[in-house]
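A quick write-up on the structure given underneath.
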Amino acid sequence: MSQKTNIPKGTRDFGPQEMAKRNYIFDTIKEVYALYGFQQIETPAMETLQTLMGKYGEEGDKLLFKVLNSGDFLSKVSDEELQERNSLHLASKLCEKGLRYDLTVPFARYVVMHHDELQFPFKRYQIQPVWRADRPQKGRYREFYQCDADVVGSDSLMNEVELMQIVDTVFTKFGIRVQIKINNRKILSGIAEIIGEDDKIVDITVAIDKLDKIGLENVNAELHEKGISDAAIEKLQPFITLAGTNEEKLQVVAETLASSEIGQKGAEEIKYILQTLKTIGLNNEIEFDLTLARGLNYYTGAIFEVKALDTPMGSITGGGRYDNLTGIFGMPGLSGVGISFGADRIYDVLNTLNLYPQETVSSTKVLFINFGEEEATYCMQVMVKCRQAGIRTEIYPDAAKMKKQMSYANAKQIPFVALVGENEMRENRITLKNMKTGEQQQLTAEELYDKLKS
């Protein structure tokens, strides 16, 4: 009996058509990144746990995939330690490496290690897989790609403006209608200060960031569980439920946080970003949302999140400013800001909305039918010039029955089939069949190239 094969939960195989779609996503994002002057780098799949741990908050640390030390990984563990069954302690002894949780922390490590080689401000993009030991569900995978762009070495809010333009341009190219949400961690810090709970900023942001998922009542219950006073929770309600236009919300925030220096600074930053984007003009809506907190601890300024409007899906893009991230690797004072496109969720959205251009799913443009050795040799001479002209071309490798070769073309969604028999060879022509309409034309080789290129 053969062994049943499978793959780990939360991972996926991608066949040729799926890869064609994914490459369309990656190529589109790369193209837009390059338009804004970003350069590509890559970092290892594994980082040391010293690099990864403590950068994502307590919840994030739990989701790190840890890699067992090679060789005799139990050699440094005593029998007493094994019997205690303290998984966290054992992990520290058994594992020195982990799979990367995101691309931002490895990027910060890269900047510190290669500081002398880089030109600042340094604008990089990175498209690689990341891993999280999360519970698999719709739109959430344990292995998935991120498509990051970051600028380090500049405090200018113009970087935030350009990143929002990149988001807008990418989703416009995809044909996905999105809502861009923006907030600022300085505003959240100001709110925590005003309600008298500035030491609970992390607990507050983690709770209110779940508003869309668990509702106001459960958010308040979680705040209460974290030891935040009833009076502070009451003061927090107007901020959580704040409605109106971006300008109206900003005015309320500025007035309410008048006594908080950090809160005022955050409001000024948001105002600049929104006003500049309004002047430039975006195709998609951008909303100032006070409940947007993004749980990661390293954000210090503007934070972003993007959601698709026409299909239910979690965040498909996110990011923000982090002033202190390189400081944890021994290089303080280097400010950065970045965004990350969730390629796997974008893939699902494009599939759901059927927004892929036809050319992305049909890899071959024309299939030459194989009638035998002599005809195939003739076809291969024509095919050389087709490929030189950039036309994706193949020939069926065997002189099989016509029905089988046509079925192959249909299965691969090849739009054109070229037929060269004795008559076509004698007249120096090629019969081109449109597989969608059934129309057939007899063409010279030059006419064939022109037809297929158009």
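The values are calculated or read from the model by the stated rules, or taken from the named source; none is laboratory data. Keep in mind that this is a model prediction, so the values were computed, not measured. Note that we place each Cβ from the backbone using ideal geometry, even for glycine, and neighbour counts take in every protein chain shown. Calculation scope for accessible area: heavy atoms of the full protein, side chains included, ligands and nucleic acids excluded. Shrake-Rupley method; radii C 1.70, N 1.55, O 1.52, S 1.80 Å.
Side notes on the structure shown:
- Contour excess over end-to-end distance, with Cα ends at Glu359 and Lys401 and 0.36 nm allotted per residue: 12.3 nm
- Dipole of the chain [Lys/Arg +1, Asp/Glu -1 at C-beta], most positive-end residue of Phe174, Gln3, Tyr272: Gln3
- Simple label model, 7 Å out from Cα along Cβ direction - Ala91 to His114, nm: 2.9
- Förster-model FRET efficiency, 35 Å R0, Met425 and Met19, C-beta, rounded to 0.05: 0.45
- Backbone phi angles across segment 148-164, fed through the Karplus curve with coefficients 6.51, -1.76 and 1.60 (θ = phi - 60°), yield HN-Hα couplings of 9, 9, 9, 10, 10, x, 8, 8, 5, 6, 4, 5, 4, 4, 5, 5, 5 Hz in residue order; Gly and Pro are listed as x.
- Net charge dipole size for the chain [Lys, Arg +1 and Asp, Glu -1 on Cβ; Debye, nearest 20]: 1580
- Based on alpha-carbon atoms, the Kirkwood radius and the radius of gyration of segment 236-288 give Rg/Rh equal to 1.00.
- Mean separation of Cα contacts under 8 Å (6+ apart) over length of segment 366-453, as relative contact order %: 30
- Simple label model, 7 Å out from Cα along Cβ direction - Thr11 to Leu242, nm: 4.4
- Maximal additional length on extending the Ser78-Thr377 stretch stands at 100.6 nm, based on 0.36 nm per residue less the C-alpha distance.
- Förster radius 35 Å - calculated FRET efficiency between Asp212 and Glu234, Cβ distance, rounded to 0.05: 0.95
- Debye-sum result for the chain in log10 I(q)/I(0), which assumes one identical scatterer on each alpha carbon, at q = 0.08, 0.11 Å⁻¹: -0.62, -0.97
- Accessible-area rank, largest first, for Arg109, Arg100, Arg140: Arg140, Arg109, Arg100, with all protein chains present and a 1.4 angstrom probe.
- Measuring r between the beta carbons of Gln50 and Arg135 and using R0 = 35 Å, the FRET efficiency lands at 0.85.
- Extension gain (nm, one decimal) between Asp199 and Gln441, 0.36 nm per residue minus Cα-Cα: 79.5 nm
- In terms of Cα atoms, the Rg and Dmax of segment 124-180 work out to 14.4, 38 Å.
- Reported value for segment 286-431: 204 Å³ per residue, from the convex hull of its C-alpha atoms.
- Accessible area of the chain divided out per residue, in Å², using a probe of 1.4 angstrom: 51
- Projected-area average for segment 366-453 over all orientations - Cα convex hull basis, square nanometres: 5.1
- Apportionment of accessible area to carbon and sulfur, segment 393-437, percent (1.4 Å): 48
- Under 5 Å from the amide H of Asn184 lie the amide H atoms of Ile303, each residue being 5 or more positions distant or on a separate chain, with H modelled from the backbone and absent for Pro and chain starts.
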